[in-house]
């Protein structure tokens, strides 16, 4: 499915043909030592022009055209999802499981995310220099600890 088709499907089926759908995210970020509210808005129609959505970014309610033009690079610097994806696959072994039930898959994914969070915490606290420094043994111990902690407390998934 193309991105344009995906956007078309995200417009309510009962909405008028010219309806505008969208999503907006506002968050606080420190810029030059000053807290600023950044608001990101993506909008589209049932037949998005060029198969794309429109992006608007404001900082403290002021449009920022430069940030709109460099959004992909800026957000990748702020939230390096490519790095997260690589680490969660290579270090936390998220793809290395042989289970088929939904509950087991959710448990495995949760454990892998918890391992990633613990690795990030260790990096921030200066216990490790990078996320690849710790071997598979950390992952095994995190899973063991998680299972032991949660044996008495069944989770609702």
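Just so you know, all these numbers are worked out from the coordinates, no wet-lab data involved. Just so we're clear, the structure is a prediction, and the values are computed from it rather than from any experiment. When we count neighbours, we look across all protein chains shown, and the Cβ atoms used for this are built from the backbone with ideal geometry, even at glycine.
The table that follows gives values for the structure above.
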| item | result |
| --- | --- |
| Residue 79-residue 27 pseudo-label distance in nm [points 7 Å out on the Cα-to-Cβ vector] | 0.5 |
| Structure-derived semi-axes √(5λ) of the Cα gyration tensor in Å - corresponding label in [x] 29, 17, 14; [y] 37, 24, 15; [z] 57, 27, 9 | [y] |
| Distance-filtered residues of segment 47-82 - backbone nitrogen under 14 Å, label point 7 angstrom along residue 37 Cα→Cβ | 58-63 |
| Peptide ranges 111-120, 5-14 listed from the most packed, as the mean C-beta count within 10 angstrom indicates | 111-120, 5-14 |
| Helix 102-124 axis, angle to the chain major axis (alpha carbon atoms, nearest 10°) | 90 |
